[in-house]
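Peer 1: Below is one structure. I have some questions about it.
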Amino acid sequence: MKIGVFICHCGENIGKTVDCPKVARASALMPGVVYAEDYKYMCSDPGQNLIKQAIKEKELDAVVVGSCSPHMHEKTFRKACSSAGVNPFMVEIANLREHCSWIHNDINSATSKAIDLIRIAVEKVKFNEPLIPIRVPVTKKALVIGGGISGIQAALDIAGAGYQVILVEKEPSIGGHMSQLSETFPTLDCSQCILTPRMVEVYQHPNIKLMTYSEVQNVEGFIGNFKVTIRKKTRHVNEELCTGCGDCIQKCPIKKNASSEFDEGLAKRPAIYVPFPQAVPNIPVIDTSVCTYFKSGKCQMCVKVCGRGAIDFKQEDRLVEEEVGAIIIATGYKLYSIDKKPDDYIYKGYGEYGYGQYKDVVNGLQFERLASASGPTAGEILRPSDKKPPKKIVFIQCVGSRDESKGFSYCSKICCMYTAKHAMLYKHKVHDGEAYVFYMDIRAGGKMYEEFVRRAIEEDGVKYIRGRVSRIYEDCGKLIIKGEDTIAGEAVEIDADMVVLATAMIPQENASQLAQLLGVPYDKHGFFQEVHPKLRPVETSTGGIFLAGACHSPRDIPESVAMASAAAAKALVLFGSDVLEREPVVAKVNETTCAGCFYCQKVCAYSAIERKVLKNRNGNFIKEVAYVNSSLCQGCGTCNATCPSKSVELIGFKDDQIFAEILALAEV
Amino acid sequence: MNYGYYPGCSLTGTAKEFDSSVRVVLSKFNVRFDEINDWSCCGASSAHATNHLLSVALPAKNLFLAKQQGFEKVFAPCAACFNKLISSKHEIDTNKNIRSKIEDLLEEKYSSSPEILNIVQLFHNIGLNEITAQKHVDLSGLKAACYYGCLLVRPNDINGTDDNEEPTTMEKVVSAAGAKTVKWNFKTECCGASHSIAHTDIVEKLSKKIIDDAEKNGADLIIVACPMCHSNLDMRQLNIKKHNPGIKLIPVLYLTQLVGLALGIEEKKLGLNLHFIDPMPLLKSKLKIEAAV
């Protein structure tokens, strides 16, 4: 084998602490090395040409580059060698920068360490084998989980590029939390007015298959090749026959037994309902927990009035299987409820704020419904207890956010803005009203955000008090808010008519279970985890699964939309090629020595190890052995280290390669 | 197993009616208990202001004694004693550094401490059903405001209450004993605590707010489980009345006294005659005490 060694100075990065020409001279003397050279920037075009030229002139079979970390330029050098006719997997990188020059001061010892690192790589490359990348086909169809604004945006982007999308939403309608909002900051445009056209577009798009009232039940497979099982929950209404006329809803005798989820419990809804008038699809659902027919077998009023015969009490859940190449998670958030909790609940709650105890203490989403023209008060701000306009209202920020002892350590990010918006909307509607905001800091980073908060304070006269509230209690029909003004340095007491709590944003119900189902990481709060916080913010560590919106962390509408488009772009990159190439660095089982203990299967984090039955030529059972699904294997090597009979090897990092590296050091 | 009883200083002095009612009520329930032999000061409010280690070591000495005397559970009716004992236990259990200092000071190895209960928790241990079962006198004419104060429900996380801002454990005991409870706002507000001597005006102001709110919400009496709360609400009430002639006097009873009434125990044995605000007129009008067993 003819090996070439190329030492990079990386400008002064390596060259300052490592005597590169000396390393090259020492390398040239190593057994197997036929050529060695150093150069100022090996990754530059002339540097790469140097390698290519040497490969041709010296007929090299293998190349060792002493340079920066393989994370930086392994690809560059592999490509250069490949174009000169050397298999890319016959290239080894010795990390002379991060592992040597950057962390040492003394030139002599750094140089001798660099020579050792080169020797290790040279000994390893002798055992390298030419490898061919693994190719897997791509199913050019995406699954989007969650039909809020993020999911809608991602689905529209992918569908717009000409690919099929399945949009799964667990509620009866798409729209998510955005459909509940009154106006949006910082422009105060009506939320539904900008959202509903998008919802309709989703419904009408030929490339989008919309599955509402459905949940993802199972996911198998890997990037480009996922098999998904979706549970389509029964609406007890035949979607093909229903025209959405609403007669059944009008005539349903159960008007007041169920509280409306869409109105956050501030209004009632019938047993058969659509969540809100602009729902997409406009097909009702029967809530079997309150429906008289499902409780006593009587009534059937909806059946009688439905001219299309669409009501189907016998309809059952259906399982739908789909094959997709990419998955976008857009499951969103919910608000932390500070209601009284069962004793074993992990979060302590804020009993002192009286949420759930006093009717006029509401949360942010409830206030949105009160301020919304489509809400239970038709947009008039009326307090829930006596339906009178509150003359004095107090907003409290950071309830559960930035409070490790009672809630969560993180900032929910949107509350400063929506509280300013709430206070502003209140002042616009109740002209003689007084609005107070208790805050810790105002975090209004964003285009026109700070200006928006200033407008609330300066133009609308909202009174901001920096400090926390210790207690809220009711006295003579007033809510007494006891707090602290930390700027004035005194205690404050406000007798208000209504209180709005900006409670923390937390991940949607069952987000962590979904993460486990999909095999993607989530953080301690249950938010989905990106693979790199800066450079890969919408990708998960599982190939082909991307993140959009508040399922990742608290974020507002513009950020969610931007993230959704980014996730869609990542899916489209995947769909841009017919086959995927991946590194062949995967585990391989020696079937002759494998004893079938399957310890490897237990430790594999990627479910890549399967069971395989070996039969002799007569078809008789010999034994069961482990088999690595190379599409799923991520090449981590855990199985390799676990195998008691040394029957699993990691290609590219085989035992003899590792031993060669160790011996290279031991011989000195 | 017998409970260990840690009376603390208050129950031997200003709150001796708390002590006598604890003893007589527990004997009615056949709860066996022994006073911890040779118990000493818990440190209460003065030790932690002097030296942190001292404030851990003083209760620790009693925890060590209780352990040596074989008690697995210790109850401390005084809320301050309870608070100091659980805080010290928590610190020794979780802070190795403090533990080794305490071991050096007390010249003894630490293995574990007994479980520490306050009087509300002790009643829950006895069982709410048991309280209801032993009830002899109908207290349903009484409307009680349960006042927890601060020390009974703090520190957060380690005191074993259901909610340190909106606790309900005392209400459950009072209901089990047959009295009504009122919903009110000030059950964990500050009574002024040990400012009682140096800043009586502050205590009177704060205690007045508590009394006002209890009355406004329809309470006939206030139930406490802390000698400090009791003295501030009961002893200072006459002075509050002097400055605020409008207020109505309201009796303040210990939880054990209320349970004792339900069990039909004679009022003198419960020390009901030792309060500044005499509860007897109220009790006589609302209950048929004479018919007691």
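Peer 1: Would you mention how many residues in the range A:479-495 are over 40 Å from the mean Cα position of the chain (by Cα) and away from chain B (no Cβ under 14 Å)?
Peer 2: Total meeting the criteria: 5.
Peer 1: Quick check, is B:ASN156 within 13 Å of another protein chain (Cβ to nearest Cβ), open to solvent by less than 30 Å² (accessible area, probe 1.4 Å) and modelled with pLDDT under 95? Lay out the reasoning, then the answer.
Peer 2: Numbers: within 13 Å of another protein chain (Cβ to nearest Cβ): yes; open to solvent by less than 30 Å² (accessible area, probe 1.4 Å): no; modelled with pLDDT under 95: yes.
Judged against the criteria, B:ASN156 is not a match.
Peer 1: Being over 16 Å from A:THR638 (Cβ atoms), open to solvent by less than 50 Å² (accessible area, probe 1.4 Å) and touching a residue at least 60 places away in the same chain (Cβ under 8 Å) is the filter here; which residues of the range A:578-599 pass it?
Peer 2: Scanning the range A:578-599 gives A:LEU580, A:ARG582, A:PRO584.
Peer 1: Here is a follow-up. Six or more apart or on different chains, Cβ atoms under 7 Å: show the pairs whose first residue is in the range A:637-649 and over 12 Å from A:LYS588 (Cβ atoms) and in the same structural domain as A:ALA595 (by TED's automatic domain parsing) and whose second is crowded, with 21+ Cβ neighbours inside 10 Å and of a type in the set (A, V, I, L, M, F, W, C).
Peer 2: A:THR638/A:CYS604; A:THR642/A:CYS600; A:SER645/A:CYS594
Peer 1: Quick test for you: out of B:ILE211, B:ILE250, B:ILE202, pick the one residue that is farther than 20 Å from B:ILE119 by Cβ and open to solvent by 10 Å² or more (accessible area, probe 1.4 Å).
Peer 2: B:ILE202 is the lone residue from the list that is farther than 20 Å from B:ILE119 by Cβ and open to solvent by 10 Å² or more (accessible area, probe 1.4 Å).
Peer 1: Then there is this: Among (1) in a strand (DSSP E or B); (2) open to solvent by 20 Å² or more (accessible area, probe 1.4 Å); (3) in contact with a helix residue (DSSP H, G or I) (Cβ under 8 Å, 6 or more places away or on another chain), where does A:LYS298 come up short?
Peer 2: Condition not satisfied by A:LYS298: (1).
Peer 1: Of all residues in the range B:225-247, which are touching a residue at least 24 places away in the same chain (Cβ under 8 Å), more than 23 Å from B:ALA76 (Cα to Cα) and surrounded by fewer than 21 Cβ atoms within 10 Å (Cβ to Cβ)?
Peer 2: Within the range B:225-247, B:LEU238, B:ASN239, B:ILE240, B:HIS243, B:ASN244, B:ILE247 qualify.
Peer 1: Which pairs turn up if I take residues in the range B:254-269 that are of a type in the set (Lys, Arg) and open to solvent by 10 Å² or more (accessible area, probe 1.4 Å) and look for partners that are in a helix (DSSP H, G or I) and at pLDDT 95 or above with beta carbon separation below 6 Å, at least 6 apart in sequence or on another chain?
Peer 2: B:LYS269/B:VAL24
Peer 1: Do we have any residue at all in the range A:645-657 that's surrounded by 14 or more Cβ atoms within 10 Å (Cβ to Cβ), more than 32 Å from the chain's Cα centre (by Cα) and assigned to a helix (DSSP H, G or I)?
Peer 2: Yes, the range A:645-657 contains a residue that is surrounded by 14 or more Cβ atoms within 10 Å (Cβ to Cβ), more than 32 Å from the chain's Cα centre (by Cα) and assigned to a helix (DSSP H, G or I).
Peer 1: Next question. Of the residues that sit in the range B:200-214 and are among the aliphatic types (A, V, I, L, M) and either more than 14 Å from chain A (Cβ to nearest Cβ) or in contact with a Leu (Cβ under 9 Å, 6 or more places away or on another chain) (or both), which one is farthest from B:PRO251 (Cα to Cα)?
Peer 2: In this case the residue turns out to be B:VAL203.
Peer 1: Considering only the range A:24-35, I want to know if a residue exists there that is in the same structural domain as A:ASP106 (by TED's automatic domain parsing), more than 19 Å from A:VAL125 (Cβ to Cβ), in contact with a helix residue (DSSP H, G or I) (Cβ under 6 Å, 6 or more places away or on another chain) and not hydroxyl-bearing (Ser, Thr, Tyr).
Peer 2: Scanning the range A:24-35 turns up no residue that is in the same structural domain as A:ASP106 (by TED's automatic domain parsing), more than 19 Å from A:VAL125 (Cβ to Cβ), in contact with a helix residue (DSSP H, G or I) (Cβ under 6 Å, 6 or more places away or on another chain) and not hydroxyl-bearing (Ser, Thr, Tyr).
The rows are residues; the columns are (1) surrounded by fewer than 16 Cβ atoms within 10 Å (Cβ to Cβ); (2) modelled with pLDDT of 95 or more; (3) assigned to a helix (DSSP H, G or I).
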position	(1), (2), (3)
A:ARG78	no, yes, yes
A:GLU92	no, yes, no
A:ASN108	yes, yes, yes
A:SER112	no, yes, yes
A:LEU117	no, yes, yes
A:ILE120	no, yes, yes
A:ILE132	yes, no, no
A:THR139	no, yes, no
A:VAL144	no, yes, no
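Peer 1: Oh, and also: Has the range B:170-178 got any residue that is within 14 Å of chain A (Cβ to nearest Cβ), modelled with pLDDT of 95 or more, touching a helix residue (DSSP H, G or I) at 6+ places or on another chain (Cβ under 9 Å) and surrounded by fewer than 21 Cβ atoms within 10 Å (Cβ to Cβ)?
Peer 2: Yes, because at least one residue in the range B:170-178 is within 14 Å of chain A (Cβ to nearest Cβ), modelled with pLDDT of 95 or more, touching a helix residue (DSSP H, G or I) at 6+ places or on another chain (Cβ under 9 Å) and surrounded by fewer than 21 Cβ atoms within 10 Å (Cβ to Cβ).
Peer 1: Does the range A:439-478 hold any residues that are away from chain B (no Cβ under 14 Å) and either in a strand (DSSP E or B) or of a type in the set (S, T, N, Q) (or both), and which are they?
Peer 2: So in the range A:439-478, the residues away from chain B (no Cβ under 14 Å) come out as A:439-467.
Within the range A:439-478, A:TYR439, A:LYS463, A:TYR464, A:ILE465, A:ARG466 qualify.
Peer 1: Based on what the data block shows, is A:SER101 farther than 15 Å from A:CYS20 by Cβ and either of a type in the set (Ser, Thr, Tyr) or open to solvent by 60 Å² or more (accessible area, probe 1.4 Å) (or both)?
Peer 2: For A:SER101, the condition - farther than 15 Å from A:CYS20 by Cβ and either of a type in the set (Ser, Thr, Tyr) or open to solvent by 60 Å² or more (accessible area, probe 1.4 Å) (or both) - is not met.
Peer 1: Determine, yes or no, whether A:ALA571 is open to solvent by less than 30 Å² (accessible area, probe 1.4 Å) and modelled with pLDDT of 95 or more.
Peer 2: Considered against the rule, which asks whether it is open to solvent by less than 30 Å² (accessible area, probe 1.4 Å) and modelled with pLDDT of 95 or more, A:ALA571 comes out as yes.
Peer 1: Now for a separate question. Return only the number of the condition from (1) crowded, with 16+ Cβ neighbours inside 10 Å; (2) within 14 Å of chain B (Cβ to nearest Cβ) that A:ALA548 does not satisfy.
Peer 2: Looking at each condition in turn, A:ALA548 falls short on (2).
Peer 1: Answer yes or no: is there a residue in the range B:126-136 that is open to solvent by 10 Å² or more (accessible area, probe 1.4 Å), of a type in the set (S, T, N, Q) and in a loop (DSSP other than H, G, I, E, B).
Peer 2: Yes; the residues of the range B:126-136 include at least one that is open to solvent by 10 Å² or more (accessible area, probe 1.4 Å), of a type in the set (S, T, N, Q) and in a loop (DSSP other than H, G, I, E, B).
Peer 1: Run down A:GLY265, A:GLY246 and say which single residue is open to solvent by 40 Å² or more (accessible area, probe 1.4 Å), more than 23 Å from A:ASP317 (Cβ to Cβ) and not charged (D, E, K, R).
Peer 2: Checking each option against the conditions leaves just A:GLY265.
Peer 1: Would it be correct to say that A:ILE328 is more than 10 Å from chain B (Cβ to nearest Cβ), at pLDDT below 80, in contact with a strand residue (DSSP E or B) (Cβ under 6 Å, 6 or more places away or on another chain) and open to solvent by less than 10 Å² (accessible area, probe 1.4 Å)?
Peer 2: Criteria not met by A:ILE328.
Peer 1: Select from the range B:214-224 the residues that are in a helix (DSSP H, G or I) and open to solvent by less than 30 Å² (accessible area, probe 1.4 Å) and list them in ascending order.
Peer 2: B:ALA214
The values are calculated or read from the model by the stated rules, or taken from the named source; none is laboratory data. Not measured: the values here are computed from a predicted model. Because the Cβ atoms are built from the backbone with ideal geometry, glycine has one as well, and the counts that use them run over all protein chains shown. Keep in mind that these areas ignore ligands, DNA and RNA; they rest on the heavy atoms of the full protein, side chains included. Shrake-Rupley method; radii C 1.70, N 1.55, O 1.52, S 1.80 Å.
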